[in-house]
1. Take the cross-link list C:Lys116/C:Lys148; B:Lys113/B:Lys301; B:Lys132/B:Lys156; A:Lys215/B:Lys156; B:Lys20/B:Lys95 and give me the ones stretching past 20 Å between alpha-carbons.
2. Would you mind ranking A:Met53, B:Met97, B:Met337 so that the residue whose beta carbon has the fewest other beta carbons within 10 Å leads the list?
3. Take the Cα coordinates of segment C:169-231, assign each an equal point scatterer, and use the Debye formula without solvent to give log10 I(q)/I(0) at q = 0.13, 0.15, 0.19, 0.27 Å⁻¹.
4. Relative to the longest principal Cα axis of chain A, at what angle does helix A:152-163 sit, 0 to 90 degrees, rounded to 10?
5. Roughly speaking, what is the centre-to-centre gap between segment A:31-82 and segment C:299-369 when only Cα atoms are used, to the nearest Å?
6. Determine, for each peptide in A:63-76, A:170-183, the mean count of other beta carbons within 10 angstrom over its residues, then list the peptides with the highest first.
7. Counting only Cα atoms, I'd like the Rg/Rh figure for the protein assembly as shown, Kirkwood definition for Rh.
8. What is the antiparallel percent of DSSP beta bridges lying wholly in chain C, to the nearest 5?
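Derivation of every value follows stated rules applied to the coordinates shown; laboratory data play no part. This structure is a prediction, so every number in the text was calculated from the model and none was measured. Cβ coordinates were reconstructed from backbone atoms using ideal geometry, including for glycine residues, and neighbour counts include every protein chain displayed.
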Amino acid sequence: MLKLIVEHTYPSFATRDSSKPIEKRDRTCAVARVLDRNDTSVKSNGMPYVLTMVDSPDASTLWVAEASCFPVPSSLGAEEALLAVPLASALYLWDRLGLELGEVAVYTEGSDFAGLIGQVAIWRGGLPVIRLDHSSVEPALDQGECLSIADQEEALRRLQLRIKDKPGVAAVDLSGRPEIIDLILEVIPRWGRVMLAGRSQQRVTVDFYTNVHRKGAVLLCEAFDPLSILEKRERASYLSMAFRLVEKKDIVETCSRLVK
Amino acid sequence: MEPLRIGIVGAGAIAQRNAKEAAASGTAKIAGVFDLNHKVARDMARALSAPFFPSYESLLASPEVEAVLLSVPHYLHKSMTIEAASHGKHVLVEKPMANTLDEAREMIACCEKNGVQLTVNYSFRYLPKIQKARQLIQDGAVGDITGIQIIAHQFKDRGYWSGARSNSPDDWRASKEKCGGGFLIMNVCHVIDYVYFITGLKGTRVYSEYATLGSPAEVEDIISVSARLSNGGIASISASSIMRGTDQAEERIWGTKGTIILNGEGLSCYSTRPIDGKRPGKVFHYTKFPNVSWTAEWVKKFVASVRQGTRPDISSLEGWDNLAFISAAYQSMEKGMPLEVAPFPASPLLKNETMVK
Amino acid sequence: MPDWLIKILLTVYTKIPPALRPTLKELFVKSTLRVESLAKRRQIIQGKRVEFLDFEIAHLLPYELLGPGPDEVLVEAECSLISPGTERAVLCGLPGARRGFPYIPGYSTAGKVIKKGKNVKGIEIGDRVAGRIKHASHETALASTLFKVPPGVSAEEASFIELGIIVLQGIRKAAIKPGERVAVVGQGLIGQLANRLARLLTPASLVAVAPSRNRERLAVLSGGVDQYLSLKENQDCVHAVKADVVIEAVGTPQANVTAMQCAREGGRVVLLGSSRGLTRDWDVWNVAQERNLTIIGAHISDMPERDASPQRWTYAQEGKLFLELVETKRLNVADLITWRAKPEECNAVYEVLAEGGRDHVGITFNWGA
């Protein structure tokens, strides 16, 4: 066990997610300093700070198993380190969907991290990267596109047109809303990959025969949680990638703008 | 008359027909389409140049929608009618009105309470052939009615029970809970309604035997009903959806002065009186009738009643009478004895409250 | 035939009294076939085939066909296998399978080449072949779409070709690893073939989940499953299955959800059965999202036309592999046949199939008998 003193947390991450069970709602991630028996700072794997999950944004000192701590490179500040967590989650998401250079990436409204998820699709080479959104005020990402779904019919038509002749499509639903899930399943072509990442509050009617079975589609059912990467087996590689990315000034700027 | 702005609920084959005819009636404007199967609802909305609504709630919330036309599985009639009425929307519901009389009572009470109109789609009444038969009987062609015979036999293939003809396949028709019954409540209900309409009579006491003998379903596919009529006459129904290769559909209404036969070829009438300018004592065949959209007529009449604040032509009263006969028929076999047909509740609101107590 | 001609013919056809139509239609078909035969210099062959005349009515009828075109061969059938799901769906007019009658069923047949077109290479007269051919005594097919049956593989075994390919592409997508727990939901022919092919990948356990025990006897034969669960006895047994991989092989909208319930957290569900119709009220969160399921669609039309990639082989590659598995005795399919019918018995065969097939799994028509 390591004794930690928490220096920074992201309370907003956890409190925003009302879909979680109450006991888990306050759970968030923190950047903490490692202390020795005499409460003096020591290094973990040569790093003075670690990332870890804490049960409450107000946590100050706590004992955590060493395996649950992830060392933060010394070149990074606490803010960058915290930013790396949702970034790593977004990297993981598109990796699960296997988004390739030049494939269509579709993502939707419905999460505070939607913008970041779209941005990561652009960084993975998605072309076009299309956001499905009800509001017309949401600015499209630089190099991204925004498609209004206020008129479902029109959205379906335009999306079909945009996807036509593209060799591959990967889509992530962050809304959990039946009509958006329906739109995505309807529009994906043969071999499309879809992640149902928005927690569904309602039951959904799906034509699995036409839209999954016959299209050979892959449907990943996994609600998106910006912090969950810290609890995944693959966290080391994704956090390392994210840390390397947030060392770049322009990327940090983009990420902090999109996550705010 | 200002067109009634109707939200279409359900986008199955019947709903598509209903919506098209409603629009063609010239008295209605399609103000939206909703179906759980979004794809078919979207396609239908596009075809009708109407907006698509992704949920029933969103359709009811639209101020553009004045009334809803429900073409959905029977077991949803009650809840969807009540929701619509509570939003102040008038309701056009497919036949049968509901699966049980309790459901029907709640629907009637809720519509009354919210001051909205309710009609049930027994629009076959508007077929010229049916109107003609009614006219002949009113003119005394058969005298006092003594007997009615309804014969309805056809074959429903296995696909029917799993909804294969629908664009949203579902097996609700095979379920007693969802459909309320089989061939009687699903199809013969139309015939019962127009025979009521033609004769002005009702069934007062019924006894039935029914079974499921050749279909992958819980509900009946063969039924025989004997009934006493309100004027003392006797009626019988023989119906099934398992007669292969030789469909049969005919109604005979006879009385002290003659007989009327309705079937696929038209209408035949024998009378001892010189009715309709014809020689008495001879069978006359009426085979040519103008093409009329019965659904459009139904919508047209309903819109008029909404705009003028009068009772709809086919109101909850007609819906109730039909369902009361069918319910009594089903229950009579279950109880092994003839049953009286429940009359229309004098005040559904009051009755409902009494029940709650 | 050009569209305008079809239109004119149809208009004429509707003007003819219904009673005369079948005779006139037969006459028309016969005479056009003769004209075509003369024009193309291809002989007219007499054969027999199974036809669906109406809902739940099958009958064996004589028919005529033209001899093979330049790229075709004429196959004399030895054995054809019924594809129970698809054929029953059409016969009964189930959702997603409404076809006009008469309808000619069948797509998995083995036989002998008795004539070949002038451009055909690699297949000789007398060769045994298998492929997508109807339930017919004689049928022409493009030589390039057929598989040569290796010696040691019987006609009965080879008649499983199309069904074998259908199941192989699904099993491939399931990417089963040795030591994984596998469940197969549905124990009709597709389900039982899935058992056998999954077994080749050394799962730690292989469980069959079926509506009833009707097909248990066959499912637990050598090469089949370790355990057989009947939903009729215990509807809740699905939650205890917790399989890493679930193969859905029933083909009803509800079975999709049953399959998901059989998967462990993080498990994979392959939708192999053709669940024509809508899955209503799918509780996405409780059934799938909370348990991080991956759902994979697997239909034969998902196979690439050419250029295979991992988990996506072409039709030709899967077909060749299927025959190789049978030839090398890695896969046994003959014991899945429960009814070896004469084509003349087709009316009774399809009567049973329409009612649900009783406890039958593989039904073949043996044309040589």
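1. Numbers: C:Lys116/C:Lys148 14 Å; B:Lys113/B:Lys301 22 Å; B:Lys132/B:Lys156 30 Å; A:Lys215/B:Lys156 32 Å; B:Lys20/B:Lys95 18 Å.
Pairs exceeding the cut-off: B:Lys113/B:Lys301; B:Lys132/B:Lys156; A:Lys215/B:Lys156.
2. Details: A:Met53 19, B:Met97 30, B:Met337 9.
The most exposed by this proxy come first: B:Met337, A:Met53, B:Met97.
3. Those come out to -0.28, -0.37, -0.59, -1.15, one per q.
4. Taking the Cα atoms of chain A, the angle to A:152-163 is about 80 degrees.
5. Using only Cα atoms, the two centres lie 60 Å from each other.
6. Numbers: A:63-76: 15.4, A:170-183: 25.0.
Per-residue Cβ counts within 10 Å, averaged per peptide and sorted highest first, yield A:170-183, A:63-76.
7. On the way: Rg = 33.5 Å, Rh = 32.7 Å.
That ratio equals 1.03.
8. Details: 34 of 60 bridges.
Within chain C, antiparallel bridges account for around 55 percent of the total.
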